[in-house]
Every structure is written in C-alpha cells, then in structure tokens.
Amino acid sequence: MESFLDKEFVIFDVETTGLSPASGDRIVELAAVKTRNLETIDQFQTLVDPMRPISSGAFEVNRISPGMLSGAPKASQILPGFLDFLSDATIVGHNIRFDLGFLYNEVDLAGLSLEKEFASVDTISLAKKVMPGLGRYPLWRVADALGIEENQTHRAMADVQMTFEVFKRLIKMADEKNMIKELSL
C-alpha cells in the first residue's frame, strides 16, 4: 500500500452560482488540500468573482453573498496558480465530475489549455465499493456512516476537509478489506 500512499492527491471542491456551467454558472469559491501519505502538505483557497449574480438557490446552499465577492479575483487571475498547485496530482472529490466540470469550464473561459484531463477519484464511487448498501451517498451521509461528526457547511474548504476525512477512512477500510488493488486509484 506504500506506493499508493506515496501518490499526491488534491482534495478539491468548488462553490458556484448555480448547477450548470453550460447555463453560464460560474465558480464563486475554490478550495483544495494537497496530500502525500494522507497528510496535508499544502492548501489553496480563494473566493472568486463570478462576473454574474449568484442564484438564490446557490445562496441558500453556500451563503456566499455578492458583498463577500466584492474585490475577489476573477477566475482567469487565479487559475494559472491553481493549475500549478494541482500539478500531476490525482484529484479527489465528492461527486468530482461536478467540480471538474466547473474547473474545465473556467479554464476554457480563461483561454487556458490543459495538456490532459486530471486523473480523479470520486469518493461517492469509492464509498459505494467500500460501503455497499448505504443507499444514498451524499457527503454528509457517508461522513455520518463513517463516524465523522462535523456538519457539512457547503463552503469549499469545509467540504474539502470533510471529503479528506471521508477519503482517509474509506482508504483505511479498503485496506482492511484487502480492496486497495481492485480500487484502481
């Protein structure tokens, strides 16, 4: 299992103006924690000026107001540094396709290019393999089933930290069940 743990992982989350980059929704907050051996080695966090209003539905979830975004950098200003932060790490997230969809959209809008898509691990898929039968797999439910007692606040860094705890416990469970090799992370 040591070669697996030697990998760099970046646990990543975004908060957004809505649910669909195809409909013009944008990132308003981005956070990530870089890990090696399942220990934090670096972190990245910023609010982002979406250059559009936040939907009332998104505000109800993340509580990020227009006033909080006043003076925040635009995505095009932070993306080069964030992409450097990601480097060649494997990206981890809960429903990672949602977060990566927004990231790839912002990269396109900023006129940047990626050499390749990021390798990724979705903690929903991981939980389904390691904890079959849970039924539904929202982050708060998986965390609760794993004995993690923090409340999900739907702010990027708090969700990153909860996802990291979930990831560590799922990896430990997979190792105890001799499932690491079959997870193909």
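A few remarks follow.
- Here segment 85-136 is the region considered, the condition is being more than 28 Å from E182 (Cα to Cα), not aromatic (F, W, Y) and not in a loop (DSSP other than H, G, I, E, B), and the residue that is nearest to the chain's Cα centre (by Cα) is L103.
- Qualifying residues in segment 120-139 (those that are of a type outside the set (D, E) and closer than 18 Å to A31 by Cα) - the one modelled with the highest pLDDT: T123
- The set of residues from segment 61-77 being out of contact with any Gly (no Cβ under 8 Å at 6 or more places or on another chain) and under 19 Å from G24 (Cβ atoms) comprises V61, N62, I64, P66, L69, A72, K74, A75.
- Scanning segment 76-90 for residues that are free of Cβ contacts under 8 Å to residues at least 40 places away in the same chain and surrounded by 11 or more Cβ atoms within 10 Å (Cβ to Cβ) yields S76, Q77, L79, P80, G81, L83.
- Single unsatisfied condition, D88 versus (1) out of contact with any Ser or Thr (no Cβ under 6 Å at 6 or more places or on another chain); (2) of a type in the set (D, E); (3) at pLDDT 95 or above: (3)
- The lone exception for Y137 - which of (1) surrounded by 17 or more Cβ atoms within 10 Å (Cβ to Cβ); (2) in contact (Cβ under 8 Å) with a residue 24 or more places away in the chain; (3) closer than 25 Å to L86 by Cβ it fails: (2)
- Pairs, first closer than 29 Å to Y137 by Cα in segment 93-117, second loosely packed, with under 13 Cβ neighbours inside 10 Å and among the charged types (D, E, K, R), C-beta under 8 Å, six or more apart: L100/E117; Y104/E117
- Subset of segment 26-39 [within 24 Å of V121 (Cβ to Cβ) and in contact (Cβ under 8 Å) with a residue 12 or more places away in the chain]: I27, E29, L30, A31, A32, V33, K34, T35, R36, N37, L38
The values are calculated or read from the model by the stated rules, or taken from the named source; none is laboratory data. Keep in mind the model is a prediction, meaning the values are calculated, not measured. Neighbour counts are summed over all protein chains in view; Cβ atoms, including those assigned to glycine, are modelled from backbone coordinates with ideal geometry.
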